[in-house]
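Worksheet: one structure, shown below.
The values are calculated or read from the model by the stated rules, or taken from the named source; none is laboratory data. Please read all numbers here as calculations on a predicted model, not as lab measurements. Positions of Cβ are backbone-derived with ideal geometry, glycine not excepted, and every protein chain shown enters the neighbour counts. Heavy atoms of the whole protein, side chains included, go into the accessibility calculation; ligands, DNA and RNA do not. Shrake-Rupley method; radii C 1.70, N 1.55, O 1.52, S 1.80 Å.
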Amino acid sequence: MRKKDILTPIGITLGFIMIMLAILAKGGTEGVTSFLDISSIFVVIGGLMASLLINFKMEQIKLTGKVINETFHKNNQRMPELVDKFILLAERARREGILALENEMDEVDDEFLKKGILLAVDGIEPEVIQDIMNAEITAMEERHYRGRAILEKAGEYAPAWGMIGTLVGLVLMLNSLSDPATLGPKMAVALLTTLYGTIMANLVFIPMKNKLEQKTEEEMFTRQIIIEGVIGVQSGQNPRILEEKLRAFLSNEKENQKDKDDVLTGENVNEA
């Protein structure tokens, strides 16, 4: 089961709370109601949905919920654990032969890793394995790009529709210049659509798109490590050499975290 990424809901909630506090600090509870306008919401939300329907195919639109849901989860794979897994596979392959690894696949959750090991067990040439797995990485990158493109475009369209709503409000305001007392309220309402569009873009859509982009980069990096590990296991590389090679991919921060985990584990064992 994937872990929840609590930073996404915390960030969105914190952003809205700060905006509300700023409004309350200046205008009190009456100031909050002045920032609510149904017609402005209709313009921004309705216009945004219309633009996305024109821009994307229905198959992509249907995936919007799934794409947004991805920003509330994080990748399970930890690099040090992945390296340790390859060390165990390399040791068993050298001790019992590459065919013995087929029995290990029931304990492997990562489908990409499982596919690579099975290709190695089948005796596929290393160059062919690299080509197959790199092609899968390219396909994954393309799928992820098409998924987050919806959020990217939503981040572009939301402020534009906010401006359109403001222009509509200004036109209506200019048509009622004969009543100067209504100019101020109507100007305020006209500006709300720009506010709504800007908040939606910069607090929701663009940050979500950037998070998905980072997750794609992390997954591609992980899969490159898997390819190196699979080739190393298939070639019968010494487990210690393979370990050093794979740990070169890890950042110092992750290495330090692993050391801390090992220390804590050791302390727990000693206490027991």
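What the Cβ-Cβ distance of ALA50 and ASP110 gives, at R0 = 35 Å and to the nearest 0.05, is a FRET efficiency of 0.30. When the listed pairs LYS3/LYS114; LYS57/LYS153; LYS4/LYS245; LYS186/LYS209; LYS74/LYS245 are checked against a 24 Å cut-off, the alpha-carbon distance exceeds it for LYS4/LYS245; LYS186/LYS209; LYS74/LYS245. Residues of the range 183-209 falling in the label zone of MET163, defined by backbone nitrogen less than 12 Å from a point 7 Å along Cα to beta-carbon, are 194, 198.
Once the C-beta distance of ALA188 and ARG247 is scaled by a Förster radius of 45 Å, the resulting FRET efficiency is 0.15 to the nearest 0.05. Between ASN134 and ILE17, what FRET efficiency follows from the Cβ-Cβ distance if R0 is 30 Å, with the result rounded to 0.05? Efficiency, from the Cβ-Cβ distance: 0.10.
When the chain is described by a simple charge dipole with +1 on each Lys and Arg Cβ and -1 on each Asp and Glu Cβ, the residue from LEU203, MET220, LEU101 located farthest towards its positive end is LEU203. Computed from the alpha carbon positions, the gyration tensor of the range 114-187 leads to an equivalent ellipsoid with semi-axes of 62, 8, 5 Å, biggest first.
Nearest 20 debye, what's the magnitude of the dipole of the chain about its Cα centre given +1 on Lys and Arg Cβ and -1 on Asp and Glu Cβ? Don't skip to the answer; put the middle values down first.
Numbers: 30 positive and 40 negative charges, 244 e Å.
About 1160 debye.
With the Cα gyration tensor of the range 39-253 in hand, convert its eigenvalues to equivalent ellipsoid semi-axes via √(5λ) and list them largest first in whole Å. Before the final figure, lay out the partial values.
On the way: eigenvalues 604, 50, 25 Å².
Sorted largest first and rounded, they come to 55, 16, 11 Å.
Within the chain, the whole DSSP H helices whose Cα atoms reach 27 Å or more along their own axis and whose mean Kyte-Doolittle score is at least -0.5 are 7-33, 126-174, 206-234.
Once the piece of chain linking ARG240 and GLN224 is laid out straight, how much longer is it, given 0.36 nm per residue of separation minus the C-alpha distance between them? Please list the in-between numbers first.
On the way: separation 16, 0.36 × 16 = 5.76 nm, distance 1.92 nm.
Full-extension gain reported as 3.8 nm.
Computed in the context of the full set of protein chains, the accessible area of the chain at 1.4 Å probe radius has 61% of its extent on carbon or sulfur.
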